[in-house]
Every structure is written in C-alpha cells, then in structure tokens.
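This report refers to the structure that appears directly beneath it.
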Amino acid sequence: MSAGKLKYTVIDYTILGVVAVVAGLIFYATWFIYYAAEAVGGKILARIVSYGLWFIGAPLAASMIRKPLSAFLGETLGALVETIIPTAGGFTNLIYGIAQGLASEAAYALFMYRRYDPYIGALAGAFAAFPCVALDAVLFGEIASPEVMTLWLIAAIVSGAIYGFVGSVVGFTVTKRKM
C-alpha cells in the first residue's frame, strides 16, 4: 500500500460524510426492522433480515472511494451518526461500528486493496458478522447453546454477504464506476 493511496481528497471526505449520514439513517431504521422480524420469526429471521443492513456502511464507502481505510471509516462514521440520533443501542453502536469496520476492512486488505468489487463487498459484510455476534454476547448477554450461537452467526454472515454485495453495487452505481 503506497502513501499516495492513503491520500484522501476533499471529494473522498465529502463522500465519507454522505455515506456516514446515509448509513447512520439505515442503521437507525434497522432497529425497527430487527424488532419486527424478531416478533414474526424469532432471532434467526431477525438476523438474516437485518444484520447486513448494520454492516452496509463499509462496503458502500469502500466501493465509492476505493482507498485503504474507507471501509473502516464508512462503518465507524455511520455508527457515530447512529449513536448521535440516538437509538436503542446507545453508545455501544460506536463500539460495534469500530469492530465491524475493522473486520470489513480486513476483506479489502486481504486482497491488498486491489479489489473493490461486489464479491469483496459481500466478503466484507460477511466478515463483520464475527465481531457483531461476539459483541452481542459480551455486551447484551445474547448467549445460547453452541448450536444456536452457530445458527445466529451463520444468519449474520448470510445477511452481511447479501447486503455487502448490495451496498457495493449501490456504491458503484452512484459513482458510475465500473465494477
């Protein structure tokens, strides 16, 4: 990774600001989606339907900016906006955003920041599931049998991969860049 790749422009910062607000509003709305899905089909359905929406800031920002740390910043700044709104998660939203942003950033780092396509966006979304489910257990006591925890993790991975893919496609579409 060269020093030049880390140089952010005013346009990059502007995109990050817009992504932060959009992601923060999506994260805010996701609380309602989560609770509605949980009421209808329990925690597994709630995770499949909603968790990837909480991971969408990273692939959205990364696909638009295509620079190291853009995934981390997109997710973390989105979580900061969600924290400010505020939502049911309160300050923990920022903790989740940092952890999920780091995990998502790892997907892009794994490919040496050479690929920002929707498949890597899906991977970034899937990677965010691991710290999310771990933080659910540590911060909110969302602990169950190993089988149920595995199902919750799989549901979060699937949701993250789907919405990570979608977030990347949206990012490419908005910036009109080639995938």
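Bear in mind these aren't lab numbers, they're just calculated from the coordinates by the rules spelled out. The model shown is predicted, which means the values in this text are computed figures rather than measured ones. We place every Cβ from the backbone using ideal geometry, glycine too, and count neighbours over all the protein chains shown.
Here are the numbers:
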{"item": "Point-charge dipole on Cβ atoms (K/R +1, D/E -1) for region 3-175, about Cα centre, debye to 20", "result": "540 debye"}
{"item": "For region 29-44, 3J(HN,Hα) per residue [Karplus equation, 6.51 cos²θ - 1.76 cosθ + 1.60, θ = phi - 60°, Hz, x = Gly/Pro]", "result": "5, 5, 4, 5, 5, 4, 5, 5, 5, 5, 5, 7, x, x, 5, 5"}
{"item": "Listed residues TYR96, LEU25, SER168: farthest to the positive end of the dipole of region 3-175 (Cβ charges)", "result": "SER168"}
{"item": "Protection-proxy order for peptides 19-25, 80-86, each taking the mean of Cβ atoms within 10 Å per residue, highest first", "result": "19-25, 80-86"}
{"item": "Positive-pole candidate from THR87, GLY41, LEU110, dipole of the chain, charges at beta carbon", "result": "LEU110"}
{"item": "Gap separating the Cα centres of region 11-79 and region 92-116, nearest whole Å", "result": "12 Å"}
{"item": "Selection of trypsin sites (Lys or Arg not before Pro), region 66-120, meeting DSSP coil and at most 16 other Cβ within 10 Å", "result": "ARG114, ARG115"}
{"item": "Dimensions in Å of the chain - Rg and Dmax from alpha carbons", "result": "15.3, 50"}
{"item": "3J(HN,Hα) from dihedral phi, region 69-77, Karplus parametrisation 6.51/-1.76/1.60, rounded to Hz, x for glycine, proline", "result": "6, 5, 5, 4, 5, x, 6, 5, 5"}
{"item": "Region 8-18 - phi-based ³J(HN,Hα) in whole Hz, Karplus 6.51/-1.76/1.60, Gly and Pro as x", "result": "9, 9, 4, 5, 4, 5, 5, 4, 4, x, 5"}
